[in-house]
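Take a look at the structure set out below.
The values are calculated or read from the model by the stated rules, or taken from the named source; none is laboratory data. These numbers come from a predicted model, not from an experiment. Quick reminder, even Gly has a Cβ in these numbers, built from the backbone with ideal geometry, and neighbours come from all protein chains shown. Calculation scope for accessible area: heavy atoms of the full protein, side chains included, ligands and nucleic acids excluded. Shrake-Rupley method; radii C 1.70, N 1.55, O 1.52, S 1.80 Å.
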Amino acid sequence: MKIIWTFTLLMIPGVLSSISVTGYSGGGVSITCRYDRKYTDNKKYFCNGQWSECKYQIRTNTKNKWFDSGRFSLYDDTRAAVFMVTFRDLSERDSDIYYCGTGRYGKDLYTEVKLNVITGQQIRTVMGYSGGNIIIKFKYEMQQNNLLIDVCNTEVLQCFTLINTNRAAEWTHGSRFSVYDDRSEGSLNVFIRDLNVKDSGEYKIIVTVSEDYSFFSEFYLDIKKADCCEKSISLSAAAGASVNISCKYPQSHSADVKFVCRRSGSDLCAEETSVEESRRWSAEGQIQLYDDREQQLLTGTISHVTRQHSAEYWCGVQSDQGHKSFITRVLVSVTGLSLIISLVLVLLALIIVCLLFLFLCKKHQSRGGKSSSQTGAKHGVVSHAGCDYDEIKDTHKQLPTNPSDSSNDVYATAQLPTNPSDSSNAVYATAQLPTNPSVSPDCVYSTVQKASGDSQILITSAEDLNYAVVNFQKKADCPDRDRLRNNQDYSEYAAVNHLTA
C-alpha cells in the first residue's frame, strides 16, 4: 500500500517523495530532504499546511552552515545535495503535514513529511556529582531494531556514537558511555561514568531510525561537587554476617527516591532496592533500606552475606523523571567464615581431640594392665582391692599316716626372722600336720620361737591362750587362688607344707 501511495505522489508534478516521522513531546526530530544537484544554489525551506497555502516555518539561501529560525534550524549540504531540518520542543499539536521544498522557477520541488508527535517525557536538567555516575532515562515507543545512538555535547560539538541496539535488554558499552535499550519499559537508558565538573553542558541524545529522519532529546547536564558525601567507601564482613551501608546525600535530594544497586558484570545497576518514604524501612528487596531525610542519611543492610555479595555497590538518588545519580561507591568484601561458624568448628575440633585422647588413654591402660598382670605373675604378686592372698605350696601331698588325724589340720612352728634386714613384724611359720590324735581338727597350732632366745614355747593344749586358729574362708569378690604379696607393707608370709608324720 505504501509503495502504491509513493508511486501516486511521484506522479504529481513537483513531489519527490513522502516520509513518515515520529517525534516525542519535549524532544525534537531531524528530517533529511534530498534534491537534484542542479538546484544546489536554490533556496531551501520547510513549511506546513496545504501545499497551495503552505506556511513557511524556515526558509534560507545559506549554504553549508546552520541557519536558525525559532524552533527550526536548516543546514544545506551542497556537497551531498541534501538539506536537514531540525524541529525542537515538539508537542502533540505539532502533528501535521509538512513539506521540504526547493525553490525554482515555475513549480517548486518538495518532499511530503507526515509528522506524528507522541506524548513523551521532557528532559530539562539532569544533575550528577563529581566522581559518580549517572543514568539518563529517555522514554520512547519505537520498536525498530538497528537504532543508532549518539550522545552529543552540543557546546563543544562532540558526539559519542555508541551502539547499534539490535539486541534489546542488554547494556552496550563504549568509552565512558553505555546504553541500555529497555523495550519492555519503552525507554532508552544512557549511562555516563566517572563524572567531573567539566562534563557540565548541553547534551543531545540522538536516535537514528532511518536515512530519512531521527528523533532526539536535549537536556542540560549539571555536574556538582558533592562536598557532603564520600566518593567511595570499603566494607568487609565474614560470610554469614551482615553488612551495614551508610551514605550521605545532598539536602536538595531529600524528597527524592533513594536507591542502592549492585554492578554485576555488564549490568550496571542490578538488584536495585529503593525507598520512597522517610524513616521507614523498604518493604522488599535483597537490601533493606532506611532513609533519614532530616539527617540526609541513607542506611542499608545486607543480611547473611556470602562470597557472592563481594561486589561494587552504589548509593544514589532518583529524580521524578527517573534519572539516577550515583553518589557513593561502596566496595563490599566478604571473606572467611563468620564468628559463630568458626566457634562451632573450633568446638567440634576440641570434642574430637578429647575423644581421641580418651581413646588413647583407654588403649594405654589396657596394655598397662596386661603388662602388670604378666609381671605380677612372674614375681608372685597380685593386687586386688580388699583381698589378701597367700601362696600355699603343697610340697608333700601326702595324707597323714595316722588315720585319726584330720586332713584339715595344719600345725605350724613360727619363728621371728633371723635376718636383721627382715621386718620385725614378720612371722615365719612352718606348718606340720598334727601327730596327736586328740588335737582338734580345725586348729593350727604354732610353736613360736623369739629371735633373741633359744627357748621354744610348745602349745600342746587348746586351753593355752597362745595359739592360732587358721580358717581359710573365701570372699565372694576374691579369686579362687591365693598368692603372696612381695610388698613390704604386706610382710606376713606363710609357707605351709604338708609334712609326713
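At a 1.4 Å probe radius, which order do V197, V82 fall into by accessible area, largest first?
V197, V82
With an 8 Å Cα cut-off and a minimum separation of 6 or more residues, compute the relative contact order for segment 251-293 in percent.
Relative contact order comes out at 31 percent.
Determine, for each peptide in 238-247, 255-264, the mean count of other beta carbons within 10 angstrom over its residues, then list the peptides with the highest first.
Peptide ranking by packing, descending: 255-264, 238-247.
Considering the options P250, I134, I149, tell which one lies farthest towards the positive end of the dipole of segment 105-262, charges being +1 on Lys and Arg and -1 on Asp and Glu at the Cβ, about the Cα centre.
Farthest along the dipole direction, towards plus: P250.
For a quick check of understanding: with a 1.4 angstrom probe and all protein chains in place, what accessible area in square angstrom does F359 have, to the nearest ten?
Roughly 120 Å² of F359 is accessible to a 1.4 Å probe.
Taking amide H positions as placed in the peptide plane 1.01 Å from N, state which residues far from C47 in sequence (5 or more) or on other chains have amide H under 5 Å from it.
Q57, Y99, G101
Go through segment 293-300 residue by residue and turn each phi into a ³J(HN,Hα) via Karplus (6.51, -1.76, 1.60, θ = phi - 60°); whole Hz please, and just put x for glycine and proline.
Going residue by residue, I get 6, 6, 8, 6, 10, 9, 10, x Hz, with x marking Gly and Pro.
Working with all protein chains in place, sort H323, H309, H173 by solvent-accessible area computed with a 1.4 Å probe, largest first.
H173, H309, H323
I need to check one value: relative contact order of segment 229-356, counting alpha carbon pairs closer than 8 Å and at least 6 residues apart, in percent.
For segment 229-356, the relative contact order is 32 percent.
Tell me, what is the 1.4 Å probe accessible area of S52, in Å² to the nearest 10?
About 110 Å², rounded to the nearest 10.
Near T306, within a Cβ-to-Cβ distance under 14 Å, what is the net charge of the other residues, with Lys and Arg +1 and Asp and Glu -1?
Spelling it out: positives minus negatives among the neighbours equals +1.
Leaving out ligands, DNA and RNA but keeping every protein chain, what accessible area does D96 have, in Å² rounded to the nearest 10, with a 1.4 Å probe?
For D96, solvent-accessible area is about 60 Å².
Just by accessible area at a 1.4 angstrom probe, what is the order of S184, S69 from largest to smallest?
Ranked from most to least accessible, the order is S184, S69.
From the mean inverse distance of alpha carbon pairs (Kirkwood) and the Cα radius of gyration, derive Rg over Rh for segment 160-295.
1.00
Please list, in order along segment 221-238, the HN-Hα scalar couplings obtained from phi with the Karplus expression 6.51 cos²θ - 1.76 cosθ + 1.60 (θ = phi - 60°), rounded to whole Hz, x for Gly and Pro.
Karplus-based 3J(HN,Hα) across segment 221-238 equals 9, 10, 9, 10, 7, 8, 5, 7, 10, 6, 7, 8, 9, 10, 10, 9, 7, 7 Hz.
Using θ = phi - 60° and the Karplus curve 6.51 cos²θ - 1.76 cosθ + 1.60, what whole-Hz ³J(HN,Hα) does each residue of segment 31-47 get, with Gly and Pro shown as x?
Per-residue couplings from phi come out as 10, 9, 10, 9, 8, 6, 4, 6, 10, 4, 8, 7, 6, 10, 7, 9, 9 Hz.
On a 27 Å Cα-Cα criterion, which of the cross-link pairs K38/K65; K65/K137; K55/K139; K204/K224; K137/K224 come out too long?
Table pairs above 27 Å Cα-Cα are K65/K137; K55/K139.
Once amide H atoms are placed 1.01 Å from N in the peptide plane, what residues at a sequence separation of 5 or more from I245, or on another chain, have their amide H within under 5 Å of its amide H?
Counting only residues 5 or more places away or on other chains, the set is G300, T301, I302.
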